[in-house]
Structure formats: structure tokens, C-alpha cells
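First up is the structure itself, then whatever we jot down about it.
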């Protein structure tokens, strides 16, 4: 039984909105020197964490790192896929704030 074509929830971007849920594609970097949100790389956002990649612990650490940056509880972040992989997708329920990488720069008058 076919479910039809698989749909990329974020299209050509690294994130998309599904109602009040923010869907984010992540390219994880475990065992980094510091926890940090990097720059988008294609349709993924690079996120580095200090945790080692053992049994999903780096992803769990990433969720705990990201929760306060989005102003949500850890329970408001769902790992859709990739708990034990560098390629993952998160669903963040009703974020109260957004890191700068999610906010497009303002276009200055006369610069377009």
C-alpha cells in the first residue's frame, strides 16, 4: 500500500512553519568544542554540541541546548527523525523566541 510521494516539510529552506510548530532540519556536529548554532547549509541548519554521539545522547544534549534559545521546555521539542544520526528534523511547539539565523535581515531602503 503506497502512501504517495514523500513530502519535504521545509521545501528549499532549513525551516518551515506548520501552524504554530517550527519544523527545522538539522545537520548535527557532535563532540564539538562548544554548543553553538551555526549557519544554514543547504536545507539544514548546522548545530554543534559538546556531547559525544553515543546512543542518541548528543541529540538529547542538543534538545536541552536549543530549548531555552527558543523559549520552550525540552518537552516542546520533538525529534521527528535522526536521533542517532547527524541528519535530523525537529518540531518545536510554539517557540516564544527565535535565534537570529531564523530572522531575515531587514532590507535597507535603496539597497535593493
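The values are calculated or read from the model by the stated rules, or taken from the named source; none is laboratory data. As the structure is a computational prediction, the values presented were derived from the model and not from experiment. As a convention, Cβ positions derive from the backbone with ideal geometry for all residues, glycine included, and neighbour counts pool all protein chains shown.
A few comments on the model shown:
- Any chance residue 105 is touching a strand residue (DSSP E or B) at 6+ places or on another chain (Cβ under 6 Å) and assigned to a loop (DSSP other than H, G, I, E, B): no
- Residue 52 touching a helix residue (DSSP H, G or I) at 6+ places or on another chain (Cβ under 8 Å), surrounded by fewer than 12 Cβ atoms within 10 Å (Cβ to Cβ) and assigned to a strand (DSSP E or B): no
- Of 2, 31, all but one fail to be loosely packed, with under 15 Cβ neighbours inside 10 Å, farther than 21 Å from residue 100 by Cα and at pLDDT 95 or above; the exception is 31.
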